[in-house]
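Structure record follows, encoded as structure tokens.
The values are calculated or read from the model by the stated rules, or taken from the named source; none is laboratory data. What you are looking at is a predicted structure, and each value in this text was computed from that prediction instead of being measured. We place every Cβ from the backbone using ideal geometry, glycine too, and count neighbours over all the protein chains shown. For accessibility, only protein heavy atoms count, side chains too; no ligands or nucleic acids. Shrake-Rupley method; radii C 1.70, N 1.55, O 1.52, S 1.80 Å.
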Amino acid sequence: MRWESWSEFWYMGGYGLYVWGSMGMTALLLLLEIWQARVAHLNTLALARSELFMEQE
Amino acid sequence: MTMRWFYYAAPQTFYGLAGRLWPWLAALALALTLAGLWVGFGLAPSDAQQGEGYRIIFVHVPVSWMSMIIYLAMAFWSVLGLTFNTRLSGMMTRALAPTGAMFAFLSLWTGALWGKPMWGTWWVWDARLTSELILFFLYLGYMALVSAIDDVRRADRAGALIAIVGAINVPIIYFSVKWWNTLHQGASVSLTRSPSMAQLMLWGMLLMALAMWAYTLAMVCYRVRTLIIERERHTDWVQALPEVAGAKA
């Protein structure tokens, strides 16, 4: 490990804003995409299920 | 062999295959991300010229690669779709687009955050940056077009044309740093010469690139299943799925 302390790690030699701005936005968008894909899948399953039960009635 | 490919190209069989694949790919993506972050942020030395700021490349280079590769994959599926008229092709192209758009945006975002401290500017109208911006707009254009046409098969064919014609932009992005005098630096990794970076930096970048590959494949497998259910929900096989019909015998 090449960091003396956590504060040094977050500071990133003065580039903290740029490095963590890049990593943070990437992490945020990946998590948003995963969440969005999950919601879309559950909604589509619910749609298919409701149409199936309407047909059966 | 050809029979086998067409067998898996049927939405019904691909739904099952993708369902078995995505959890493994997701786990692989997570493991590779953790390894890549450990190498990139824990082990790799600081750069002689750029200090710690260079660490942005551990995400910038992989997302930029993926933004180009995903567009080429969309063009590939589009050619198959127009040639063989397979149902799956259009769904694969659509499943890829949001992830590709996200990576293109991240390429621009992380590039801007690198440009500000290193070049003194968030943005320049340089060949590399401009062609990547066009790629981002091509993704948005594709998604807007396919969602604007109600008939899905017609939408798929129109989208396929954008995907194929737009693919010409990908080699332009890739070779822009050679063809024009750009502010953007040349490739750090090339097939023809040894990489111009330290071993650990290279490993960090390659692990992150593999992680993004696994993430993309997992996401496509996941999302294509949503599209398959949406389009085939009136068929017997979808209505017989336990996740649709409920857990009845």
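Rounded to whole Å and sorted largest first, what semi-axes of the equivalent ellipsoid does the C-alpha gyration tensor of the protein assembly as shown yield via the square root of 5 times each eigenvalue? Ellipsoid half-lengths, sorted descending, are 39, 23, 17 Å.
Its Cα gyration tensor gives chain B an equivalent ellipsoid; the semi-axes, largest first and in whole Å, are 36, 22, 15.
Heavy-atom accessible surface of B:His60, to the nearest 10 Å², is about 40 Å², with a 1.4 Å probe and all protein chains retained.
The gain in end-to-end length when the B:Trp24 to B:Asp236 segment is fully stretched comes to 73.5 nm, 0.36 nm per residue minus the alpha carbon separation. From most to least packed by mean Cβ count within 10 Å, the peptides B:44-55, B:126-137 give B:126-137, B:44-55.
Extending 7 Å from the Cα toward the beta-carbon at both A:Leu28 and B:Ala158 defines two label points whose distance is 3.3 nm. Could you work out how far the C-alpha centroid of segment B:51-70 sits from that of segment B:199-249, in angstrom? The two parts, judged by their Cα centres, are 24 Å apart. The slack in the chain from B:Leu43 to B:Lys178, taken as 0.36 nm per residue of separation less the alpha-carbon distance, amounts to 45.4 nm. Please report how far the C-alpha centroid of segment B:124-154 lies from that of segment B:84-110, rounded to the nearest whole angstrom. Segment B:124-154 and segment B:84-110 have Cα centres separated by 10 Å. Among the trypsin sites (Lys or Arg not before Pro) in chain A, those placed in a DSSP loop whose Cβ has at most 13 other Cβ atoms within 10 Å are A:Arg2.
Shielding of peptide B:223-234 by partners, expressed as the average count of other chain Cβ atoms within 10 Å per residue Cβ, is 4. Couplings for segment A:27-41, taken from phi via the Karplus curve 6.51 cos²θ - 1.76 cosθ + 1.60 with θ = phi - 60°, read 4, 4, 5, 4, 5, 4, 5, 4, 4, 4, 5, 5, 4, 4, 5 Hz in order; Gly and Pro are left as x. Computed from Cα atoms, the angle from the helix B:152-166 axis to the main principal axis of chain B rounds to 20 degrees.
Taking all protein chains together and rolling a 1.4 Å probe, B:Leu200 ends up with roughly 70 Å² accessible. The mean count of C-beta atoms from other chains within 10 Å of the C-beta of residues in B:110-119, rounded to a whole number, is 4. Per-residue mean of foreign Cβ neighbours for B:46-57 is 4 (Cβ atoms of other chains, 10 Å radius). Once B binds A, the 1.4 Å probe can no longer reach about 3400 Å² of accessible area, counting both sides. Placing pseudo-labels 7 Å out from each Cα toward the beta carbon at A:Trp3 and A:Asn43 gives an inter-label distance of 3.8 nm.
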